[in-house]
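To start, the structure under review is shown below, and the notes come after it.
The values are calculated or read from the model by the stated rules, or taken from the named source; none is laboratory data. Computed from a predicted model, the values in this text were never measured in an experiment. Positions of Cβ are backbone-derived with ideal geometry, glycine not excepted, and every protein chain shown enters the neighbour counts. Ligands, DNA and RNA are stripped out before the accessible areas are found, and what is left, the full protein with its side chains, is counted by its heavy atoms. Shrake-Rupley method; radii C 1.70, N 1.55, O 1.52, S 1.80 Å.
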Amino acid sequence: MIVWLNGTFGAGKTTTAGRLLPLVPGARLFDPEFVGYMLQPFLEDHPVSDFQHWPPWRNLVVATAAELAGFTGQHLIAPQTVLSRDYLDQIFTGLRAAGLPVFHVLLDADEAVLRRRIEGGDEARQWRLDHLTEYRAARAWMTAAADLVVDTAQLAPEQVARQIAGVLPDLTAVG
């Protein structure tokens, strides 16, 4: 199974993934961002504003997740913002076709909380702030598409992780 943590920047995906990992038996972290980092030097002549716009990124996320899960026999926790419905559908369809069920979690918070969290960090601050508008536009379909929506505004990451772990399907059987 893939536990996909979605939501905009500042919602707590990476921190939650780290707290969730020990709560999910037989799980490992898979950060799809690294697939994009791997592709960047090879696709410099195909500039995009976000590597998710490269079709190879979406295909390789599926292939990498399937290979990791198949090789390790473990569930994967994937913290990755995907604000395009078409892209997310493509990835989830590919994962399911590879025999990997997906549990889609949307981590959400109101915009003031998100802004405060983003502005409190140094990593790609302006790029993340610029995507809040895109998240606002995608929020309705993301909420409807999620198996679970968690408002992270008033919860500690440990509480968010426990809430997710408490509703996951039985994960005793890996693969």
* To do: Bin width 5 Å, alpha-carbon pairs only: give the P(r) of the stretch 52-121 as whole percents, running from 0 to the bin holding the largest distance.
  => 3, 14, 23, 21, 14, 11, 10, 4, 0
* At q = 0.18 Å⁻¹, what is the base-10 log of I(q)/I(0) for the stretch 1-56 according to the Debye formula with one equal point scatterer per Cα and no solvent? Please give it to two decimals. => -0.74
* **Loop-located trypsin sites (Lys or Arg not before Pro) in the stretch 1-79 whose Cβ has at most 10 other Cβ within 10 Å (DSSP)** => none
* To do: Using a 1.4 Å probe over the heavy atoms of the protein chains, calculate the carbon and sulfur portion of the accessible area of the chain as a whole percent.
  => 54 percent
* Asked: Any idea how far the Cα center of the stretch 94-125 sits from the one of the stretch 7-31, in Å?
  -> 10 Å
* To do: Using the charge dipole of the chain (Lys, Arg: +1 at Cβ; Asp, Glu: -1 at Cβ; taken about the Cα centre), state which of PRO101, PRO169, LEU88 has its Cα farthest towards the positive end.
  => PRO169
* To the nearest 500 deg cm²/dmol, what mean residue ellipticity at 222 nm is calculated for the chain from DSSP H runs of n ≥ 4 alone, each contributing -39,500 (n - 2.57), summed and divided by the residues? -> -15000 deg cm²/dmol
* Principal axes of the chain: Cα extent on each, largest first, Å -> 43, 41, 28
* Structure fact -> In cubic angstrom per residue, the convex hull of the stretch 85-144 built on its Cα atoms measures 106 Å³
